[in-house]
Every structure is written in C-alpha cells, then in structure tokens.
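**Student:** For reference, the structure I am asking about is given below.
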Amino acid sequence: MVTEEIENQRALPEGTYLLERYRICGVLGEGGFGITYEGTDLKEEKRVAIKEFFPTDYTSRENAVSNPRLFVFHGEQQQFERGLAHFLKEAEALREFQYLDGIVSVLDYFEANGTAYIVMEYIEGITLKQYVKENGCLSYKELVALLTPIMKAMIQIHKRGVIHRDISPDNLLFGLDNRARLIDFGAVSALGEQREHTKTVILKKGYAPPEQYLVEGKQGPWTDVYAMAATIYMGVTGRTPVDSVARLQGEGLAVEPLQQKALESWQIQAIFTGMELKIAKRYKNLEELLDALTIPPSLEDQPTKKQKELQGKLKFRVVKMNHLRGKGTFLKVFLGVSLVVLFALGVAVWQNSFLHNNNEGETDAKSTQSSTMSTTEQGKLCQMPNVTGKTEKEAMGEIAEMDSVIVIETHTQYSEDVKKGDVIEQSVAAGTQYNEGAIAKVVLTVSKGKKKTEKQEATTTRDAVSSQKVNTTKTTEKSNPSSKENKDFKVVEDEDDGYDQFQLGD
C-alpha cells in the first residue's frame, strides 16, 4: 500500500521494472538519502521492499517516467561515489547479519539507473512512531520485551565492529507477527572508522547523542545505547526526548512523564543512565543497558530498615557535633566521631557473629555453592546445540544465542539428500559442553542443493551476472577533517516530516 506520494515524479512510477525481475508497485517512504518502494520479485513471486540510493542534496531526477536515471549535480560526482559506496556497504552489513532475529533480511542488491538498490524482505506492519501516534504508548514491560531481540542482535553486531548510528522510533518496525525489527542501516559505520567530511550528516533529533554532532566525536556501542534508551523513553511516554544539544545548553530531560507511567525508580534510572550526555557516565554497551532494563536490584543491595536507622543516627551525631563551639571543640569532635565509628564497628562484629552462629549448620551447602561459583567464574557453561538439518539462519541464530563469543563460519557443498540452505554437518559435535570462549570457531557445512547439469549451470551463471552487477572495487577518498572544521547537519524532526539545517563545529 502506498503511504506517501513523491512530487514531480522523482520516484520511480508503478510498473517500472528493475533487472527485468523486480517490479515497482508504489512508494513506501522517502528520506534524505533514498526512497523505499514496495515491489514484487517476479522470480520468487513474493512482495519485497526495495530501497533506492537517492541523495536529494546532490542528485535529481526531474521525470522518472521518461528517464529513470539519476542526474548528479556538477562538481558532486566524488561526493556521490562516496555515498554510493556507503550504501552498498549497508547492503553487505545487513546480508552478513541477516541470520539474527530483529534485523531486516537483505535478499539482493545491485546497481542500475546510475544508482544502486537494496532488495529486502517485505514486513507488513508499522513503525514504533506510527504505533504510538495511532494507538498510544506501550507499557515499559511490553516495549522492553519487544526490543530485547533487537538489543541482543545489536550486541552481536557490535562485537563484529559495526555500529548502527540511527536507532529511532521510525527505524523500528513492528510486524503483524508480533516481532520488532531494526531497519535502515544507512548510517552504519565500522568502529574506529575515520568519519568522512561529507556535506550532510543525517541525525535524528532527540535520539542522537552529543558525540554524533562533533566532527571527531568518539563513537562506539555507547552511541547506539543512547539512541535505544531515548527510543524507549519515547515509546513509554509518547514524547520525543529533549535533544542532546539542548540538554548540553541546560535544558533538562523531564522525569515526570516516566513517573506518571508508574515506572519503578530502577527502571527510570536505567533509561536515564542510558541517556547520559557524558560517555564515561553512560552504559558502555547494549549488554549493560539490557541488564539494567530487565534485572531489578537484588534485596541484598538495598539497605535494611535497621541499617537505615543506624545511618540516620550516625549522621545525626556527626551533625550535632559539628555545631559544638568553644575551647577544645576539635578534641571533642575527634573523640565523638571515634566513639561513633567504634560503636558502628561493634554492631558490625555482633551482626557477623550472630549470623555465623545461626548459619553454622549450613557450612556444607556454602562449600558446595563456593565450588559452583568458582566454576562459573571460568566462563559461562555452554552446550553446543544440534543444528544439522536446520536452515543456515536458524542454525547461526541458535549458536550465537548459546555462545555470544564464538565465530561462526559456513562452507557450502552439493548434497543429494539435504535441501538447499540447510546444514549438513557441524564441526563441533552436538552436546559438547565447554566454557564460553574455550571454542573459538564452529564451521557449518551448508547444502547447495543437488548439483545442476552443465546447461542449468550456464543459465544460472548468466542470470547471476545480470542481477549482481555490483562494483565492489570502488574506492572512496579518505579525508582527514580538522577539529576546527564545521560540518553541515541535517537533523530529522521526529514530530514532522521536515528537516532542519544548521551548522555545528566541535
């Protein structure tokens, strides 16, 4: 269903064919760097989503009906080539991680009409932003449960050295299958990668942390942490968070909207820590954020009533002594504080003795527990699942969920018995138990299906060449932006479809 009309026929019209395989059925949406279409894969006979690289700042297409080819503005060819290479990098990144739940799957990508296209699975559903607008806010528990698979997937992606940099409510798609998926990896970046000095950087207002506004801002998993926490804030409250730049200038992030939704103090603290402006105070990665969002503090970490009373008495005694005046005040205060400290130590020793006497009969149980803890400290105990006969995506997902560190490699070979895409065998036997990290790699042998005849092979090769004309040898000119340079930013307003232009340096 077409949800947005593009003026002046800049978008490809319905009925346009790409590679004589994909048919354009309408426009799903438009952004600063591209247009997303609803399409049909004629070969597989299924609906697909097709994303076209179309940077509106330096390209145009006056009439797509008569001439679908993009026109690059004079002097902007180098800029276009850099953007195109980045777009293809998005496709490669998504294809590498398509076995993870919560990530949209890439089916194909190619160049045509002077630009490039990514073909993705079509997901029937709406974005988090649309859902909140039409149905109201989600509960904290509901939203965190929906986003947990995405956070787990991003944890794996971060471990491969890739960050998303554009997590927001309109990049989270809720499908009719009650699953959420993260889409639009257009801003994907490798960790440690030097940012190119481009004309425009797309930032989502309210969801981008301060480091994304800086020319040489230090970005990493913590950058996606901020965006995810800000997304949860919006999903629960229905309000776009105050932009990080405004917060740096003194505008506060309101806690009242969260309190009105009856969130517990530790849940609010998890969201606010995830949105800390200083990187050093923010969660370092999504694993820490997920733990903070889902695991309440244990009772042992909270002071008991007696401890609170004792702390109150100690505080009262110290405050009272600080008001002493006259000759010998210093000596009186010193002696008074010493007595208070000795009293506190005496209480602690008595409590320890009391607990020891009452738990003397539990020595054996504690010894067993200590032994178990020492084993656990060596690493999480893993057991290799049996993935033979499962699809490659299912197999990789199961292994990654069981062991977050292990490297998964796949080899393919023909098989007369196992259907194409299913696992024939695994290098680590099913049921093998080991501590996480002890096995560095597992290799999956995946079926290529039955071997084709020479005639069939020739036909397949010809089709593949025509549908996969992707120039992977393009190079991008590296830039070394000075810390004194200014960068033009295009900030996406979450409340409407417009863009704000402004300049900020570091």
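**Student:** Answer yes or no as to whether Arg165 is crowded, with 19+ Cβ neighbours inside 10 Å, more than 25 Å from Ile279 (Cα to Cα), at pLDDT below 95 and not polar (S, T, N, Q).
**Tutor:** no
**Student:** Would you be able to tell me the number of residues in the stretch 225-253 that are hydrophobic (A, V, I, L, M, F, W, C), surrounded by fewer than 21 Cβ atoms within 10 Å (Cβ to Cβ) and in contact (Cβ under 8 Å) with a residue 12 or more places away in the chain? Step through it out loud before you land on a result.
**Tutor:** Residues of the stretch 225-253 that are hydrophobic (A, V, I, L, M, F, W, C), as a first pass: 225, 227-230, 232, 234, 236, 242, 245-246, 248, 253.
Filter once more, so that each one left must be surrounded by fewer than 21 Cβ atoms within 10 Å (Cβ to Cβ): 242, 245-246, 248, 253.
Subsequent filtering for residues that are in contact (Cβ under 8 Å) with a residue 12 or more places away in the chain retains 242, 245, 248, 253.
Residues in the stretch 225-253 being hydrophobic (A, V, I, L, M, F, W, C), surrounded by fewer than 21 Cβ atoms within 10 Å (Cβ to Cβ) and in contact (Cβ under 8 Å) with a residue 12 or more places away in the chain: 4 in total.
**Student:** Within the stretch 15-48, how many residues turn out to be in contact (Cβ under 8 Å) with a residue 60 or more places away in the chain, assigned to a strand (DSSP E or B) and either buried (at least 18 other Cβ atoms within 10 Å of the Cβ) or aromatic (Phe, Trp, Tyr) (or both)?
**Tutor:** The number of residues fulfilling the criteria is 6.
**Student:** Same structure, new question: For residues in the stretch 96-142 being basic (Lys, Arg) and either free of Cβ contacts under 8 Å to residues at least 12 places away in the same chain or open to solvent by less than 30 Å² (accessible area, probe 1.4 Å) (or both), which is farthest from Pro68 (Cα to Cα)?
**Tutor:** Taking the stretch 96-142 first, the residues basic (Lys, Arg) are 129, 133, 141.
Narrowing further to those that are either free of Cβ contacts under 8 Å to residues at least 12 places away in the same chain or open to solvent by less than 30 Å² (accessible area, probe 1.4 Å) (or both): 133, 141.
Details: Lys133: 35, Lys141: 47 Å.
Among those residues, the one meeting the criterion is Lys141.
**Student:** Residues that are among the acidic types (Asp, Glu) and surrounded by 17 or more Cβ atoms within 10 Å (Cβ to Cβ): list the helices (runs of 4 or more DSSP H) wholly contained in the stretch 254-298 that include at least 1 such residues. Step through it out loud before you land on a result.
**Tutor:** On the way: elements: 256-260, 265-274, 286-294.
Filter on the stretch 254-298 gives 286-294.
**Student:** Answer with yes or no whether Lys51 is open to solvent by 10 Å² or more (accessible area, probe 1.4 Å) and under 25 Å from Gly125 (Cβ atoms). Before you say what the answer is, go through the steps one by one.
**Tutor:** Numbers: open to solvent by 10 Å² or more (accessible area, probe 1.4 Å): yes; under 25 Å from Gly125 (Cβ atoms): yes.
Judged against the criteria, Lys51 is a match.
**Student:** At pLDDT below 95 and in a helix (DSSP H, G or I): which single residue out of Val245, Val236 fits that description?
**Tutor:** After ruling out the rest, the residue left standing is Val245.
**Student:** Hey, another quick one. Considering each of Ala208, Ala270, Ala292, Ala262 in turn, give the residue that is modelled with pLDDT under 95 and within 18 Å of the chain's Cα centre (by Cα).
**Tutor:** Values: Ala270 fails: modelled with pLDDT under 95; Ala292 fails: modelled with pLDDT under 95; Ala262 fails: within 18 Å of the chain's Cα centre (by Cα).
Going through Ala208, Ala270, Ala292, Ala262 in turn, the sole match is Ala208.
**Student:** For the stretch 206-224, which residues satisfy the criterion of being surrounded by fewer than 23 Cβ atoms within 10 Å (Cβ to Cβ) and of a type in the set (A, V, I, L, M, F, W, C)?
**Tutor:** Leu214, Val215, listed by residue number.
**Student:** Would you point out which residue out of Gly389, Gly421, Gly437, Gly431 is within 18 Å of Ile155 (Cβ to Cβ), over 23 Å from the mean Cα position of the chain (by Cα) and either open to solvent by less than 50 Å² (accessible area, probe 1.4 Å) or not polar (S, T, N, Q) (or both)? Lay out the reasoning, then the answer.
**Tutor:** Values: Gly389 fails: within 18 Å of Ile155 (Cβ to Cβ); Gly421 fails: within 18 Å of Ile155 (Cβ to Cβ); Gly431 fails: within 18 Å of Ile155 (Cβ to Cβ).
Of the residues listed, the single one that is within 18 Å of Ile155 (Cβ to Cβ), over 23 Å from the mean Cα position of the chain (by Cα) and either open to solvent by less than 50 Å² (accessible area, probe 1.4 Å) or not polar (S, T, N, Q) (or both) is Gly437.
**Student:** Now, a different point. Mind counting the residues in the stretch 393-407 that are closer than 19 Å to Ser105 by Cα and surrounded by fewer than 19 Cβ atoms within 10 Å (Cβ to Cβ)?
**Tutor:** 4
**Student:** If the requirement is being among the charged types (D, E, K, R) and either modelled with pLDDT of 95 or more or over 23 Å from Met396 (Cβ atoms) (or both), which of these qualifies: Asp101, Asp108, Asp170? Full working, then the answer.
**Tutor:** Numbers: Asp101 fails: either modelled with pLDDT of 95 or more or over 23 Å from Met396 (Cβ atoms) (or both); Asp108 fails: either modelled with pLDDT of 95 or more or over 23 Å from Met396 (Cβ atoms) (or both).
Every option except Asp170 fails the conditions.
**Student:** Okay, next question. Any chance you could count how many residues in the stretch 57-90 are under 22 Å from Val106 (Cα atoms) and aliphatic (A, V, I, L, M)?
**Tutor:** Final tally of qualifying residues: 3.
**Student:** Could you tell me whether the stretch 65-74 includes any residue that is open to solvent by less than 50 Å² (accessible area, probe 1.4 Å), at pLDDT 90 or above, in contact with a strand residue (DSSP E or B) (Cβ under 8 Å, 6 or more places away or on another chain) and aliphatic (A, V, I, L, M)? Give the steps one after another, and end with the answer.
**Tutor:** Just the residues of the stretch 65-74 that are open to solvent by less than 50 Å² (accessible area, probe 1.4 Å), to begin with: 68, 70, 72.
From what's left, at pLDDT 90 or above: 68, 70, 72.
Add one more test, that the residue is in contact with a strand residue (DSSP E or B) (Cβ under 8 Å, 6 or more places away or on another chain), and what stays is 70, 72.
Next cut, aliphatic (A, V, I, L, M) only: 70, 72.
Within the stretch 65-74, one or more residues are open to solvent by less than 50 Å² (accessible area, probe 1.4 Å), at pLDDT 90 or above, in contact with a strand residue (DSSP E or B) (Cβ under 8 Å, 6 or more places away or on another chain) and aliphatic (A, V, I, L, M).
The values are calculated or read from the model by the stated rules, or taken from the named source; none is laboratory data. Remember, it's a predicted structure, so these values are computed and weren't measured experimentally. Reconstructed Cβ throughout: ideal geometry from the backbone, glycine too, with neighbour counts over all protein chains shown. Note: accessible area is taken over every heavy atom of the protein model, side chains too, but ligands, DNA and RNA are not part of it. Shrake-Rupley method; radii C 1.70, N 1.55, O 1.52, S 1.80 Å.
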